[in-house]
Every structure is written in structure tokens, then in C-alpha cells.
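All remarks here apply to the structure that follows.
The values are calculated or read from the model by the stated rules, or taken from the named source; none is laboratory data. Because the structure is predicted, anything quoted here is derived from the model rather than measured. Backbone-built Cβ (ideal geometry, glycine too); neighbour counts: all protein chains shown. Heavy atoms of the whole protein, side chains included, go into the accessibility calculation; ligands, DNA and RNA do not. Shrake-Rupley method; radii C 1.70, N 1.55, O 1.52, S 1.80 Å.
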Amino acid sequence: MNERAPRVYAEIDLDAVRENVRALRARAPRAQLMAVVKANAYGHGAVPCARAAQEAGATWLGTATPEEALALRAAGIEGRVMCWLWTPGGPWREAVEADIDVSVSGLWALDEVREAARAAGRTARIQLKADTGLGRNGCQPADWAELVGAAVAAEAEGTVRVTGVWSHFACADEPGHPSIQLQLDAFRDMLAYAEKEGVDPEVRHIANSPATLTLPESHYDLVRTGLAVYGVSPAPELGTPAQLGLRPAMRLKASLALVKSVPAGHGVSYGHHYVTESETRLALVPAGYADGLPRAASGRGPVLVGGRVRRAAGRIAMDQFVVDLGTDEARAGDEAVLLGDAELGEPTAEDWAQAAHTIAYEIVTRIGGRVPRVYLGG
């Protein structure tokens, strides 16, 4: 019996994750590093990548949701873990009992975490988030005094310990954008006020991946690195991964399901948006938008087959798409590389992002659950 060819799988190089963490630590040598592993480590696998990052010197792990943070603890991962996206009624007590740092942006959240701390019989670790201009989560400057005062009072009663003050940039991926300095100024002022009122944080942080790479003045005590940990440039303007000293950790591969000859004038895939110009050979790649490939990249999505980068011919369907090989030879079972390392001549997350008119963050995070991950360097 022939060995089964894998339909599609993501090969995750944990050595690349370690190398990237070390490279990012070198960019901010006086700060601790948080490896952000939200959204299943940007599609790469939260638990294996968290462990690899810690092995390379990451002293903090970051998640968006409390469920993501609790899953790390359930997997036996220790050390500092922070999560920041809360809604009323969230698992505050579970997070307190798991020694997770929780972000607080308003009085409702402070009230709920205080109640959870009392129920758990232990002090909650909280970090106050300042909205310095992003306009999403975080406390507005006009409300900062009230939140800080309430947090200091809660600290005095023993229900919380304010372990951090933090914020997030809006445009750090656009070097020179005027909002960057405005946010740095606002963060400095809001931090100074909190410290004047008695807050003594363990960590002060505002730098994300782009700021870690380009804004040393933003590094403070801790930098939060997300996409860069996985070897993907957070913005094309900042440089390619290789130019930034990073190496992509994910290679998305598939096995060709069929190769066949078709005549000139043959329509390909739904809607016949691609019609063959001459007799040609078509190869079927058994991966589609149910696996995370963006349908918006139809006709443009790149794939390496037989040593050449080719484009999706016509529509990307739910489970499959087609590439036109011309006169080149290939056969069922041959490898197709959809995502990889430009230094190896492979298509990249940025290539797919441009094809789909989106950003590389979306490309890697949308690789779906039915795509198995295979870990190297574990």
C-alpha cells in the first residue's frame, strides 16, 4: 500500500520561534519580553510556541482572552501570563486562582476582580490599561484619576496588587506617524500620575512588535511581541523578515490531489473567471477557504509547485483550488508549498496578504483547525 500523502498541513519550526525571541530580546536588551500567544499563537499553536518562547528567554506570555490564558495553565505552563480582553461575568476567580495578570480598563472590571479576589481568598494581580489614543480598550485620560484612585484603594484593602500600567499603539507600524509621539507623551503623563498616587508597577509597557523593532524609547520595562515572534514582518514598510533578523516559523504545505491535461478554452473553478488560453496541465491543490486560505486571493494566491511560484487559477473554493502548470510536469502527491520563507523561494504570508488585500496577521491566524500542525525542533 502506498504511503498516504498529507492533504494539507502546517509545519511549525520551534527553533525559528526561539531564534526570533532571541533576536527581539536583542532589540530591547534592557526590557523583559512578552511573547503574545493569543489566537493559538497567531495560528502556530499556543502551547508549543509558549514553551519555545520561554526557553528562549521570554519572561511573560500574553493572551487576549482569559480562556486562552487558562488553557496555558491547564497545559502546565508556569511563569507570568497576562490577558486583557474581558467582558462582564468573565472567569475572574479562575484567573485569580491561576495567578494570571488581568487587565483593567474601567471601574466595572475592577469591581468584578475585587469580588473574585475575595471569593478566592487571595490577592488578584491587575494591570491598568491607559487609552493613550488607540480608542479601543483602555481608560480615557479624563477617567484615569478615578480608576487609579479606586485601584489604590483596592490595593490598600489587599484585594489587588497593581502589577503593571500599560497601553497600546495605533500606528507604530507607520514610522514617523504623528500619533506615535502623542501616545508616548500621554503614556508618560498617565504613568507619572499613577505613580504619584502610589501605584508601584512591576512592569510598564506600551511597545508592540513594530515599536520593539523601531522605537527604543518605548521599551520601558517590557516589550510585547506578537507577530514578530513567528518570523513575520509586522509591516512591509519595516522590512522583510530577513531584513529584521527574523525567520518564518510556519510552512503550509499540501499534496497535489490531481494533475490532468485540459484543452484550450476550458473554464476553471466556479464562475469560470479563469479560462485556459491553450492546451495545458492543471494541478489541484486540496486546500481552500475552509482551511484558512482567503477566497479574496482568488486568481492571485501564490503557491510553489515544481520549483516555480504559480498563482491560483480562478476561484479558491472551500476545500480546493487549481494552478495552471502550462507544459510543466507534476503528478498527484507532489508537494505544494503555500506559505514559507522568501529566502527559500517560497510564497510568504505577506505575499498572500497582498493577493487578498489584507495584512499578514490575518493570513497566519486564519489557518484553520482542520489543518494539522507538525512541530519541528521540539
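Straight-line reach from Lys196: taking Cα to Cα under 23 Å and skipping same-chain neighbours fewer than 8 places apart, the lysines in range are Lys129.
Against the main long axis of the alpha-carbon atoms of the chain, helix 14-27 sits at an angle near 50°. Ignoring aspartates and glutamates fewer than eight residues from Lys38 along the same chain, the ones with Cα atoms less than 14 angstrom from its Cα are Glu67, Glu68, Glu362. Once the Cα atoms of helix 46-55 and of the chain are each reduced to a long axis, what angle between those two axes, in degrees from 0 to 90 to the nearest 10, is obtained? On a 0 to 90 degree scale, this one is about 70. Ligands, DNA and RNA are left out, and with a 1.4 angstrom probe the accessible area of segment 246-316 is 44 Å² per residue. The simple spin-label model puts a point 7 Å past each Cα toward its Cβ; for Ala242 and Glu3 those points are separated by 3.0 nm. Shown is the FRET efficiency for Glu174 and Lys260, computed with R0 = 41 Å from the Cβ-Cβ distance and rounded to the nearest 0.05: 0.30. For segment 138-207, the alpha carbon convex hull comes to 80 Å³ per residue, rounded to a whole number. Which of the aspartates and glutamates could a cross-linker bridge to Lys253, judged by Cα under 15 Å and excluding same-chain residues fewer than eight apart? Correct list for Lys253: Glu11, Asp13, Asp291, Asp319, Asp334, Glu335, Asp341, Glu346.
Calculated FRET efficiency, Val374 to Glu343, Cβ-Cβ distance, R0 = 25 Å: about 0.75 to the nearest 0.05. Counting protein heavy atoms only, segment 241-378 has 50 percent of its accessible area on carbon and sulfur, 1.4 angstrom probe. Quick one: if the Förster radius is 41 Å, what FRET efficiency do Leu107 and Tyr270 give, using the C-beta to C-beta distance and rounding to 0.05? FRET efficiency, Leu107 to Tyr270: 0.20. The mean sequence distance of close C-alpha pairs (under 8 Å, at least 6 residues apart), as a share of the length of segment 83-132, puts its relative contact order at 42 percent.
Could you pull out the trypsin sites (Lys or Arg not before Pro) across segment 1-63 that fall in loop regions by DSSP (anything but H, G, I, E, B) with no more than 10 other Cβ atoms inside 10 Å? The qualifying sites are Arg4, Arg30. Rounded if a/c is under 1.5, else prolate if a/b beats b/c, else oblate: with a ≥ b ≥ c from the C-alpha gyration tensor eigenvalues square-rooted, which is segment 21-149? Verdict is oblate for segment 21-149.
Between the C-alpha center of segment 160-186 and that of segment 276-320 there is a gap of 40 Å.
Over the chain, Cα pairs under 8 Å with separation of 6+ residues give a relative contact order of 18 percent. The relative contact order of segment 238-378, computed from alpha carbon pairs under 8 Å that lie at least 6 residues apart in sequence, is 26 percent. Expressed to the nearest 5 percent, the antiparallel share of DSSP beta bridges inside the chain is 45 percent. For segment 290-338, trypsin sites (Lys or Arg not before Pro) meeting the loop criterion (DSSP other than H, G, I, E, B) and having at most 16 other Cβ atoms within 10 Å: Arg300, Arg331.
Segment 23-97 and segment 207-225 have Cα centres spaced 17 Å apart.
Inter-label distance, Ala332 to Thr123: 6.6 nm, where each label sits 7 Å from its Cα along the C-beta direction. Among the GluC sites (Glu not before Pro) found in segment 35-109, those both in a DSSP coil and sparsely packed, with 12 or fewer other Cβ atoms within 10 Å of their Cβ, are Glu78. With angles folded into 0 to 90 degrees, how steeply does helix 178-196 sit against the dominant principal axis of the chain? Use alpha carbons for both and round to 10. Rounded to the nearest ten degrees, it is 30.
Here the gap between Val309 and Leu284, fully extended at 0.36 nm per residue and compared with their Cα-Cα distance, gives a gain of 7.5 nm. With the cut-off at under 19 Å, measuring from each backbone N in segment 304-335 to a point 7 Å along the Cα-to-Cβ line of Glu277 picks out 308-315, 322-329. Cα convex hull, the chain: 148 Å³ per residue, rounded to a whole number.
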